[in-house]
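Novice: The structure's right below; bear with me while I get my questions together.
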Amino acid sequence: MLGDSTPSVIAVGGGTLLHPKSRAAAFSSARVVTLTAPAQTLLDRSTHGPVRPLLHAAPNPLEKVRELLAQRANVYAEAHASVCTEGCTAEQAANAVIRAWKNPAIVVSLGARSYPVRFASPKSHVFAQKSANLPTTANAAQLVADVLSTLQPSHWMVVTDFTVQALWGFTFIETVSHLHSTPLATVVLRPGETNKTLAGVQTILENAVEQGADRSTVIVALGGGVVSDMAGLAASLLFRGVKWVSVPTTLLSMADAAIGGKTGVDLGFAKNAVGTFHQPSAVVIDPRHVTTEAHRAYVSGLSEIVKSAAVADPTLLNYVEEHALSLAARDLPTVETAVFGAARVKSTIVAADEREDPSAPLSRAVLNFGHTLGHALEAAGGFDNLTHGEAVSLGIVGALRVGKRLGFTPSHVVERITQLLSTLGLPTRLTRADVQAALPYLVNDKKRLQNKVRAVFLRDEGQAFVHPIALSDLSALYLEAVET
Ligand SMILES: NC(=O)c1ccc[n+]([C@@H]2O[C@H](COP(=O)([O-])OP(=O)(O)OC[C@H]3O[C@@H](n4cnc5c(N)ncnc54)[C@H](O)[C@@H]3O)[C@@H](O)[C@H]2O)c1
């Protein structure tokens, strides 16, 4: 039935996905939605209908339900969406399932910590308008309300910044609150990288406690990479860890920052020097958010898409190249396709190496392509002269040229990717003065081990690798890579 191209809904018993073959078939060709409810509710429901042999024979049926849920948690966590069936009507639960079916999703596969990256997509919006008998609401707020209904928190707390609050935040909060009645707390931060500090995280934590947060509070980060890095860090610290959901509102955070569970703040000039790994429970991407981004911020986000394509996905690289003009014009279906591609790269790599283990076969460190020099350039500019994405673009050019100098990267790859960055409106001109100013900040590189940096180079398009190199050698090579 799964191989059949006719659209179908296949309702399976709770144990079906435990079988590796059924699981592989379901995840490769279908959208998988789990229906959840508290253990007691499941037990009460099981008393109606046919006898359940597993429960019937158990001395303590409630304990048996809990045991089965625990055994299945890893598999259920990998679903494209979970829909809670407690405290809602059958129609509301069915509508949540329809939203899960209509909107694309990627799963970051990490056992019990797996989570979906769900898209409130412009494409599905058009589809919804054409399908008069289906609900049309599938925006970020709706999907977040669905996630909250499943997580069942005591409070939900929105962390955003002043810019995003004014543009999207009020409507977002109003819509989620309308759909989901859990008490709300809000924290509004000052925007921008210069505010990505421990003091900002302290503000989030103090506000959370003052507004009555407890261990089942869910933090919802609504904003760019700065907000998600800080809210994620706060979520990992609050009461030793609460759940969080990321709703990225910049192109850069949709394509990269919101996914993967790296949280952090800058410490002085040391970029992302303090942080944790704390995976979100869901990421909800609405590409329409990019429509209000400032031109410079939007273009900056394209650099992380080029990075993901360059390190792991030649097809995405072709797509970005062929659709550069549509991307620059923010054509939403094109933006969605590019973000989806980059999010898939990031999800795959994070699933293969969650914590940047040097021995992992597909190392997460390859996602740092362009970031060694990029972070140093960003710090040298006081986190104010260059955006993160602009610094990454220059860092990619540096890594390409040094890769070529070391005999790793073919010239045509250097030229092609540099040209693409330039076509997209990103900076590619590395000056001696800029590199010289950046070199002192290379020592702050988190990937440094003693005097060696784990630099990332390309062997070809889509083929990145980590190459440890002495800091002094790398500095000299960057200086050779400047414009003459
Ligand atoms: N954790 C990770 O894995 C990871 C990966 C990549 C980057 N990052 C981090 O992400 C940060 C950069 O993220 P960013 O580029 O999103 O920057 P940002 O969060 O500073 O956002 C840029 C600006 O755009 C504003 N903004 C956000 N959404 C908007 C919208 N929809 N419309 C109008 N304005 C909007 C913000 O208020 C801010 O002023 C850096 O700190 C970087 O270190 C983290």
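Novice: Of the trypsin sites (Lys or Arg not before Pro) in segment 409-467, which ones lie in a loop per DSSP and count no more than 12 other C-beta atoms within 10 Å?
Specialist: Here the trypsin sites (Lys or Arg not before Pro) that fit, given the DSSP loop and packing criteria, are 429.
Novice: Same structure, new question: Provide the FRET efficiency to the nearest 0.05 for the residue 91-residue 412 pair, computing r from the beta carbons and using R0 = 45 Å.
Specialist: 0.20
Novice: Dipole magnitude of segment 117-350 about its Cα centre, charges +1 at Lys/Arg Cβ and -1 at Asp/Glu Cβ only, in debye to the nearest 20?
Specialist: Magnitude of the dipole: close to 260 debye.
Novice: When the distances between all Cα atoms of segment 117-350 are binned every 10 Å from zero, what whole-number percent does each bin get?
Specialist: All Cα pairs, binned at 10 Å, distribute as 8, 34, 37, 18, 3, 0 percent.
Novice: Which value in deg cm²/dmol, rounded to the nearest 500, describes the helix-derived mean residue ellipticity at 222 nm for the chain, given -39,500 (n - 2.57) per DSSP H run of n ≥ 4 and division by the residue count?
Specialist: -14000 deg cm²/dmol
Novice: Using the Cα centre of the chain as the reference point, and only Cβ charges (+1 on K/R, -1 on D/E), how large is the resulting charge dipole? Debye, rounded to the nearest 20.
Specialist: 840 debye
Novice: What number does segment 243-364 give for Rg over Rh if you use C-alpha atoms and the Kirkwood radius?
Specialist: Here Rg/Rh amounts to 0.97.
Novice: Accessible area, 1.4 Å probe, largest first: how do 46, 177 sort?
Specialist: Reading off the accessible areas and sorting them downward yields 177, 46.
Novice: Right, here's the next one. Report in % the part of the accessible area of the chain that belongs to carbon and sulfur, leaving out ligands and nucleic acids; probe 1.4 Å.
Specialist: Within the chain, the accessible surface is 55 percent carbon and sulfur.
Novice: If you keep only loop residues by DSSP, which trypsin sites (Lys or Arg not before Pro) in segment 288-357 have at most 11 other Cβ atoms within 10 Å of their Cβ?
Specialist: Hits after loop and neighbour filter: 355.
Novice: Compute the orientation-averaged projected area for the chain from the convex hull of its Cα atoms and round it to one decimal in nm².
Specialist: Over every viewing direction, the Cα hull of the chain projects on average to 23.9 nm².
Novice: Now, a different point. For the chain, list the DSSP H helices whose alpha carbon atoms reach 24 Å or more along the long axis and whose average Kyte-Doolittle value is 0.0 or above?
Specialist: What comes out of the filter, once short or polar helices are dropped, is 295-312, 332-352, 388-405.
Novice: Now a separate question. Compare the Cα positions of 85, 111, 70 along the charge dipole of segment 16-116 (+1 at Cβ of Lys, Arg; -1 at Cβ of Asp, Glu; about the Cα centre) and return the one farthest towards the positive end.
Specialist: 111
Novice: A further question on this structure: Per residue, how much accessible area does segment 196-289 have with a 1.4 Å probe, in Å²?
Specialist: 30 Å²
Novice: Set the bar at 21 Å for Cα to Cα. Now go through 271/307; 346/452; 196/346; 243/307 and name every pair that lies beyond it.
Specialist: 346/452; 196/346; 243/307
Novice: Still on this structure, I have one more. Only Lys, Arg, Asp and Glu count, each charged at its Cβ (+1, +1, -1, -1), so figure out the dipole size of segment 16-116 about its Cα centre, rounded to 20 debye.
Specialist: The calculated dipole for segment 16-116 is roughly 300 debye.
Novice: Just to confirm my numbers, what's the Cα centroid distance between segment 74-95 and segment 294-355 in Å?
Specialist: When both Cα centres are located, 30 Å separates them.
The values are calculated or read from the model by the stated rules, or taken from the named source; none is laboratory data. Values in this document were obtained by computation on a predicted structure and should not be read as measured data. Because the Cβ atoms are built from the backbone with ideal geometry, glycine has one as well, and the counts that use them run over all protein chains shown. Just the protein is used for accessible areas: all its heavy atoms, side chains included, with ligands, DNA and RNA removed. Shrake-Rupley method; radii C 1.70, N 1.55, O 1.52, S 1.80 Å.
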